[in-house]
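All remarks here apply to the structure that follows.
The values are calculated or read from the model by the stated rules, or taken from the named source; none is laboratory data. Since the structure is predicted, the reported quantities are computational estimates derived from the model, not experimental observations. Here the Cβ is made from the backbone with ideal geometry for all residues, glycine too, and neighbour counts use every protein chain on show. Ligands, DNA and RNA are stripped out before the accessible areas are found, and what is left, the full protein with its side chains, is counted by its heavy atoms. Shrake-Rupley method; radii C 1.70, N 1.55, O 1.52, S 1.80 Å.
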Amino acid sequence: MIEVRGLTKRYGRTTAVDDLTFDVRPGTVTGFLGPNGSGKSTTMRMVLGLDRPDAGEARVAGKRYAELRDPLRTVGALLDAKWVHPNRSARSHLRWLARANGLPAGRVDEVLDTVGLTAVAGKRAGAFSLGMSQRLGIAAALLGDPQVLLFDEPVNGLDPEGILWIRRLMQRLAAEGRTVLVSSHLLSEMALTATELVVIGRGRLVAQGPTAQFVDSGADVLVRGPRPDAIAAALRAAGFEVAEEQAGLLVTGGTTERVGEAVGAAGLVLHELTLRRGSLEEAFMEITKQDVEYASTGAGVPA
Amino acid sequence: MSAAGLIAAERIKLASVRSPWWCAGLAVAGVIGLTGLLVLVEPGGMADAPGGSNPFLLFGLMLVLVLAAVSVTTEYRYSTIRMTFEAVPNRTAAVLAKTVVVAVVSGVIGLVASLGAWAAMWLLDPLSDTALRTSDDWWVVLSPAPVFAACAVLALAVGILVRHTAAAVSIVLVWPLMGEQLVSFIPGFGPAVQPWLPFVNAGNAMTAGGGDLPFSPVGSLAYVTGLAAALLVAAIVVVNRRDA
């Protein structure tokens, strides 16, 4: 369980995280979604006690991070796979972490085996590929067998095999009843990995809820019938927004049930009634378009 | 999160990369080698060293300062400091554990270098008087251990405060090698503060005394240790305040 309450972080005049409140529940993979620079990493650093919030607080397993005894036993995090001394071997990197939290030395070999780095455990971490570094970072996160896990952009730059491996790992960790928060700016990836979403833009909470609901919120209903003008009028009268397209009428803000019933109530015939599920990308752009920090202004493109 | 665990973690960090080994090896080999070379070229030459202390220890001390500063600046360079604070949210405890390890390692380097140089003189130079009769003789041979340790803590604190390797190394090398001399040259002000400069005192602490400083060697050691402690406290306060 991660509880974020009114978390705020300012850097000079910019507010990186603005009064952010959300919960991350155990047993699910929760996606932490937002464009680049929206405050995801800053939020995660504050949850881990690395950065000091200007207001609000974050609690992990009911405690502030600083109050946790041997925190690696409760929280595991991969914020950046490059947080390793390049001349230190993978095994030494995990050994000092284990010793700092009183974890048995045997755990080092166990997690190396879990992430498949046993063969290169003695090699210096600086020679690792991005995928291997990412696995080492995950090994460090799993070291204390923690109930809460945070991953910041874990699939960035990975090959498809690595992406699949991380996706399955996160789902397995959640299925074991752990709390998993994973940030990404890749919505399509989140749609496959996360069952819950926390969406932020410019440090503010934009939306929170099940991924399925989030995807459906961007859905339209396409209707086609012999008398499009009458259907459009009936739907507008029922309070829907209707746009005419080549394929038929595009109705926004409704489900197939409600649209079908509205047309039926007007006594009109339909030839087609289809849910057009918008992509997660479209839904996301729709929700966060006011909150993108570095938006292209479209300069040079004639209006 | 036991103290022993934290110290063990810091020991693993220091021992699992190559640069501390290089610094330590060069410091010891440099002091012993230069001493040996000098007494071979000019037998009896070391006996005239001021106050009986070995001037080549300064060379070893510089490498120890680098070792100490770099032990923490590389943590900032590669952001492992964040991993450290993730594992040990009590930053004061994390810094103290590193201080203990760096101080002990530096003390051992000082001791091995000093004893090694003494052994080199005893082996190679029939003209020098290497007998350890008085407590002053013992002090000259053994004092590099605590002096190296105290100076290493000073350098570690500088490393924590400035965070960048290049800046920290420049400070800990330029200050003792040039800065203190330049300060001493300032008319009026220089001679007044010169007895209070940290590395003037570190040098004095490794002699048998008799210089024109207000402190005895033991007093100088206590003074340098006090300075190191004060700077370390400042570093700990800063580390607790700023974002990792």
request  = Go through (1) of a type outside the set (Asp, Glu); (2) at pLDDT 95 or above; (3) in contact with a Leu (Cβ under 6 Å, 6 or more places away or on another chain); (4) open to solvent by 30 Å² or more (accessible area, probe 1.4 Å) and name the single condition B:Pro43 misses.
outcome  = (2)
query = Of the residues in the stretch B:1-29, how many are open to solvent by less than 20 Å² (accessible area, probe 1.4 Å), assigned to a helix (DSSP H, G or I) and either facing chain A (nearest Cβ under 8 Å) or touching a His at 6+ places or on another chain (Cβ under 7 Å) (or both)?
reply = 7
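If you check A:Arg227 against the conditions, is it more than 14 Å from every other protein chain (Cβ to nearest Cβ) and open to solvent by 40 Å² or more (accessible area, probe 1.4 Å)?
Against the criterion (more than 14 Å from every other protein chain (Cβ to nearest Cβ) and open to solvent by 40 Å² or more (accessible area, probe 1.4 Å)), A:Arg227 qualifies.
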request  = Please work out if B:Val102 is open to solvent by less than 10 Å² (accessible area, probe 1.4 Å), in contact with a Ser or Thr (Cβ under 7 Å, 6 or more places away or on another chain) and of a type in the set (A, V, I, L, M).
outcome  = yes
task = From A:Leu280, A:Leu268, A:Leu273, grab the single residue that is at pLDDT 70 or above and open to solvent by less than 60 Å² (accessible area, probe 1.4 Å).
result = A:Leu268
Filtered residues of the stretch B:123-166 (kept if out of contact with any helix residue (DSSP H, G or I) (no Cβ under 8 Å at 6 or more places or on another chain) and either of a type in the set (Phe, Trp, Tyr) or open to solvent by less than 50 Å² (accessible area, probe 1.4 Å) (or both)) = B:Trp138
remark   = Flagged in the stretch B:110-142 as of a type in the set (Gly, Ala, Ser) and assigned to a loop (DSSP other than H, G, I, E, B), in numbering order, are B:Ser128, B:Ala131
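Which of the residues belonging to the stretch A:114-123 are more than 27 Å from the chain's Cα centre (by Cα) and more than 13 Å from every other protein chain (Cβ to nearest Cβ)? Please lay out each step first, then the result.
Within the stretch A:114-123, the subset more than 27 Å from the chain's Cα centre (by Cα) is A:118-123.
Hits for the stretch A:114-123 are A:Thr118, A:Ala119, A:Val120.
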request  = Being at positive phi and either surrounded by fewer than 23 Cβ atoms within 10 Å (Cβ to Cβ) or away from chain B (no Cβ under 12 Å) (or both) narrows it down to one of A:Gly106, A:Gly102, so name that one.
outcome  = A:Gly102
query = Within the stretch A:37-61, which residues are assigned to a helix (DSSP H, G or I) and touching a residue at least 60 places away in the same chain (Cβ under 8 Å)?
reply = A:Lys40, A:Ser41, A:Thr42, A:Thr43, A:Met44, A:Val47
note = Here the qualifying pairs (Cβ atoms under 8 Å; residues six or more apart or on different chains; first in the stretch A:218-229 and free of Cβ contacts under 8 Å to residues at least 24 places away in the same chain; second part of a loop (DSSP other than H, G, I, E, B) and open to solvent by less than 20 Å² (accessible area, probe 1.4 Å)) come out as A:Pro228/A:Gly248
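Report, by residue number, each residue of the stretch A:1-36 that is open to solvent by less than 30 Å² (accessible area, probe 1.4 Å) and not in a strand (DSSP E or B). It would help to see each step written out before you state the result.
Taking the stretch A:1-36 first, the residues open to solvent by less than 30 Å² (accessible area, probe 1.4 Å) are A:2, A:4, A:6-9, A:16-17, A:20, A:22, A:24, A:29-35.
Hits for the stretch A:1-36 are A:Gly34, A:Pro35.
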message = within 14 Å of chain B (Cβ to nearest Cβ) and acidic (Asp, Glu): is that true of A:Asp80 in this structure?
response = yes
ask   = Hey, among the residues in the stretch B:174-220 that are in a loop (DSSP other than H, G, I, E, B) and touching a residue at least 40 places away in the same chain (Cβ under 8 Å), which one's farthest from B:Leu65 (Cα to Cα)?
value = B:Gly210
key: Residue that is farthest from the other protein chains (Cβ to nearest Cβ) [pool: residues in the stretch A:37-64 that are among the hydroxyl-bearing types (Ser, Thr, Tyr) and open to solvent by less than 10 Å² (accessible area, probe 1.4 Å)]   = A:Ser38
inquiry  = Out of B:Leu38, B:Leu14, B:Leu67, B:Leu6, I need the residue that is hydrophobic (A, V, I, L, M, F, W, C) and closer than 21 Å to A:Leu50 by Cα. Which one?
reply    = B:Leu6
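Kindly indicate whether A:Arg91 is facing another protein chain (nearest Cβ under 10 Å), modelled with pLDDT of 95 or more and open to solvent by 60 Å² or more (accessible area, probe 1.4 Å).
Details: facing another protein chain (nearest Cβ under 10 Å): yes; modelled with pLDDT of 95 or more: yes; open to solvent by 60 Å² or more (accessible area, probe 1.4 Å): yes.
Considered against the rule, which asks whether it is facing another protein chain (nearest Cβ under 10 Å), modelled with pLDDT of 95 or more and open to solvent by 60 Å² or more (accessible area, probe 1.4 Å), A:Arg91 comes out as yes.
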message = Go through the stretch B:82-96 and report how many residues are more than 7 Å from chain A (Cβ to nearest Cβ) and either touching a Lys or Arg at 6+ places or on another chain (Cβ under 6 Å) or acidic (Asp, Glu) (or both).
response = 0
query = How about the stretch B:92-113: which of its residues are under 11 Å from B:Leu6 (Cβ atoms) and either small (Gly, Ala, Ser) or in contact with a Cys (Cβ under 9 Å, 6 or more places away or on another chain) (or both)?
reply = B:Ala93, B:Ala94, B:Ala97
remark   = Here the residues within the stretch A:113-167 that are open to solvent by 20 Å² or more (accessible area, probe 1.4 Å) and closer than 19 Å to A:Leu187 by Cβ are A:Glu153, A:Asn156, A:Gly157, A:Leu158, A:Pro160, A:Ile163, A:Leu164, A:Arg167
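From the list B:Ala29, B:Ala9, which residue is in contact (Cβ under 8 Å) with a residue 24 or more places away in the chain and small (Gly, Ala, Ser)?
Values: B:Ala29 fails: in contact (Cβ under 8 Å) with a residue 24 or more places away in the chain.
Answer to the check: B:Ala9.
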key: Hits in the stretch B:61-109 (condition: outside any helix (DSSP H, G or I) and of a type in the set (Gly, Ala, Ser))   = B:Ser79
request  = Among the residues of the stretch A:139-157, count how many are over 17 Å from the mean Cα position of the chain (by Cα), of a type in the set (A, V, I, L, M, F, W, C) and either under 16 Å from A:Ala194 (Cβ atoms) or away from every other protein chain (no Cβ under 13 Å) (or both).
outcome  = 1
